[in-house]
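Here the structure is laid out as structure tokens; the discussion comes afterwards.
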Amino acid sequence: MAGAQDRKLVRVADRATMARVAAEHLLARTDTNPGRVAICLTGGSSPRQLYELLATDAYRERIPWPRVHWFIGDERYVPPGDSLHNMTTARHVFLDACAPAANIHPIATDGSDPEAIARDYQRTLEAFYGAARLDSGRPLFDLVLLGIGPDGHVASLFPGFPAIDVTDRWVVGIDKAHVAPFVPRISLTLPALSSCRTMLFEVAGADKRAIMAHVLAGEDLPANRARSIRETILLIDSEAWPEGRSGEI
């Protein structure tokens, strides 16, 4: 079992290869857990090819859809259906066509303010988990997918913002985003994201190479503070791969 300070870097050739490797990790987690499976999805552009792949027959037939539940790590405070809405994107690409509706757990953004929405989503997570306190011996998620923003943020936890230090809540409202789109957000906190069997990052593109240099230099960034209590893996494509780095850190 990997400790909280362990993580593995995996170099992949391109985005298509990254999607295939990520899909195999997801399938491995569903295979390992014969019961109810919890997957926490991410927004942004990084996971789109993975989501498209999961909708293909080759992968769709291998996922035990009735027992897999789908959550989201953060959401933009825009109405469902908006092009900026993270779960809407995942639903359009693969969830609505593949997953039972009762197994899709979006963050509702069609009502109250972000803080009230955060409280509601925490109650959703607590009800699914069956407790109001996280137990390191029983992770909340089987798999958490994450990307790394150009400033080193993960989910909607931005460097230097108070939400990164929240430890007594699972979900928080974010009144100001550090990068575009500049809309309020709702985000899982580090304790909730870390409560997983596998945390899987997807990092792709030449525009991510600069921030990866800062991340791997050990700077105090959300991307360095987000680590699974079990296993943390960074999938990095050739364009984003930091020069002079070996396969593990």
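The values are calculated or read from the model by the stated rules, or taken from the named source; none is laboratory data. Since the structure is predicted, the reported quantities are computational estimates derived from the model, not experimental observations. Here the Cβ is made from the backbone with ideal geometry for all residues, glycine too, and neighbour counts use every protein chain on show. Ligands, DNA and RNA are excluded from the accessible area calculation, which covers all protein heavy atoms including side chains. Shrake-Rupley method; radii C 1.70, N 1.55, O 1.52, S 1.80 Å.
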>> What does DSSP give for the chain in terms of the percent of beta bridges that are antiparallel, rounded to the nearest 5?
In response: 30 percent
>> Placing unit charges on C-beta atoms (Lys and Arg positive, Asp and Glu negative, everything else neutral), compute the dipole magnitude of the chain about its Cα centre in debye, rounded to 20.
In response: 500 debye
> Which is the longest run of the chain containing none of the trypsin sites (Lys or Arg not before Pro) found in DSSP loop states (not H, G, I, E, B) with at most 13 other C-beta atoms within 10 Å?
Replying inline: 37-132
> Can you give me the Cα centroid spacing of the stretch 56-129 and the stretch 143-173 in angstrom?
Replying inline: 18 Å
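Restricting to the stretch 140-233, compute how many DSSP beta bridges are antiparallel as a %, nearest 5.
In the stretch 140-233, DSSP labels about 40 percent of beta bridges as antiparallel.
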> Using the membrane-span-like helix rule (whole DSSP H runs, Cα extent along the own axis of at least 24 Å, mean Kyte-Doolittle hydropathy at least -0.5), which helices of the chain qualify?
Replying inline: 15-32
> Based on the alpha-carbon gyration tensor of the stretch 156-220 and its eigenvalue square roots a ≥ b ≥ c, which shape applies: rounded if a/c is under 1.5, prolate if not and a/b is larger than b/c, or oblate?
Replying inline: oblate
> Which shape class, rounded, prolate or oblate, goes with the stretch 138-249 when its Cα gyration tensor gives a ≥ b ≥ c as root eigenvalues, a/c under 1.5 marks rounded, and past that a/b bigger than b/c marks prolate?
Replying inline: oblate
>> Can you give me the % of accessible surface on the chain that is carbon or sulfur? Probe 1.4 Å, all protein chains present, nothing else counted.
In response: 50 percent
> Which ³J(HN,Hα) values in Hz, rounded to whole numbers, follow from the phi angles of the stretch 133-138 under the Karplus curve 6.51 cos²θ - 1.76 cosθ + 1.60, where θ = phi - 60° and Gly and Pro get x?
Replying inline: 10, 7, 10, 4, x, 9
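In square angstrom, what is the accessible area per residue of the chain with a 1.4 angstrom probe?
42 Å²
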>> So if I average 1/r over every pair of distinct C-alpha atoms in the stretch 71-173 and take the inverse, what Kirkwood radius in Å does that give?
In response: 15.0 Å
> What is the calculated FRET efficiency for Arg119 to Phe182, with r their C-beta to C-beta distance and R₀ = 22 Å, to the nearest 0.05?
Replying inline: 0.40
>> Taking 8 Å as the Cα distance limit and 6 or more residues as the minimum spacing, I'd like the relative contact order of the chain as a percentage.
In response: 28 percent
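I need to check one value: relative contact order of the stretch 199-246, counting alpha carbon pairs closer than 8 Å and at least 6 residues apart, in percent.
63 percent
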>> Test of the criteria: in the stretch 155-249, which GluC sites (Glu not before Pro) are in a DSSP loop and have at most 12 other Cβ atoms within 10 angstrom of their Cβ?
In response: Glu243
>> Using only DSSP helix segments of four residues or longer, with each worth -39500 (n - 2.57), what per-residue ellipticity at 222 nm results for the chain after dividing by its residue count and rounding to 500?
In response: -7500 deg cm²/dmol
> How high is the relative contact order of the stretch 92-239, in percent, with contacts defined as C-alpha pairs under 8 Å that are six or more residues apart?
Replying inline: 25 percent
> Does a label point 7 Å from the Cα of Lys8, set along Cα-to-beta-carbon, have any residues of the stretch 190-208 with amide nitrogen under 17 Å, and which are they?
Replying inline: 196-203
